[in-house]
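Asker: After the structure tokens below, expect a handful of questions from me.
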Amino acid sequence: MPKTTSPGQLRVGRLTKAHGLKGAIKLELYTDEPDKRFVPGAVFSLQVPESSPWFGKTIEFAQLRWYNGHPVGFFHGIEDRTAAETLIKAILWMDHDDSALPEENDAWYDHQLTGLNVLRDDVKVGTVSRVDHFPAQDLLIVATSNGEVMVPFVKAIVSEVNIEAQTVTITPPLGLFEDLPDEPDQPDEPAELTELAEG
């Protein structure tokens, strides 16, 4: 899903399902402060496929409601279920104050990660060229001498992000940054049997 928003924006939510008949859409929140982000008049940039009629556009928020503990959003210009369904799976981005810190301890803005040196066993293997966001997980796109490598942005693989040192430390599985070695040819007989036969 292409991202046409600017690097200085914050990803705050995803639209998951039309709710009712009046244009409401269920939200998946990527923020700890929805009551501050999802306020009347807030304008969101939309991350959608290029084939979407919403590609390259923004949308204005009207109202946040909660139904059975689930957040539901209303947007200006989205008056019925048919219109709401054109926005399903869209990821919402908004401008933020560059002086503000991320809301979570292990959260970074895209522009903070882009350009960082990627280290494996204290050796540089590439540079973060961009961050791709998908519903299942985020991916660090690492530029290497052999092309781009997609690194799942999960703690099991990305062990440390050090903004001050401008580094990302990774512990990738074998084969992510290099071709797996070929399996050695196995002898037709175990070595012990071969020796016995020769004796």
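Nothing in this text is a laboratory measurement; each read-out follows from the coordinates by a stated rule. Bear in mind that the values here come from a model prediction, so they are computed numbers and not experimental data. As a convention, Cβ positions derive from the backbone with ideal geometry for all residues, glycine included, and neighbour counts pool all protein chains shown.
Asker: Can you give the extra length, in nm with one decimal, that the chain gains between SER51 and ASN117 once fully stretched, where that is 0.36 nm per residue apart less the Cα-Cα distance? Intermediate values should be presented prior to the final figure.
Answerer: Values: separation 66, 0.36 × 66 = 23.76 nm, distance 3.39 nm.
Fully extending the segment from SER51 to ASN117 adds 20.4 nm.
Asker: Another question, if that's okay. Rg to Rh for segment 9-95: what is it, with Cα atoms only and Rh by Kirkwood?
Answerer: Details: Rg = 11.6 Å, Rh = 12.6 Å.
Radius of gyration relative to Kirkwood radius: 0.92.
Asker: What residues of segment 44-72 lie in the reach of a label at ASP95, counting those whose backbone N is under 12 Å from a point 7 Å from the Cα along Cα→Cβ?
Answerer: 44-45
Asker: May I have the count of lysine pairs in segment 9-95 with C-alpha atoms under 16 Å apart, counting pairs 8 or more residues apart or located on different chains? Could the numbers behind the result be given before it?
Answerer: On the way: LYS17/LYS26; LYS17/LYS89; LYS26/LYS89; LYS57/LYS89.
Pairs that pass both the separation and distance tests number 4.
Asker: List the residues whose amide H sits under 5 Å from the amide H of GLY13, counting only those 5 or more places along or on another chain, with H placed 1.01 Å from N in the peptide plane.
Answerer: TYR30, LEU92
Asker: Computed from the mean reciprocal separation of all distinct C-alpha pairs, what Kirkwood hydrodynamic radius does segment 110-170 have, in Å? Present the calculation step by step, with values, prior to reporting the outcome.
Answerer: Numbers: mean 1/r = 0.0877 Å⁻¹.
Across segment 110-170, the inverse of the average 1/r is 11.4 Å.
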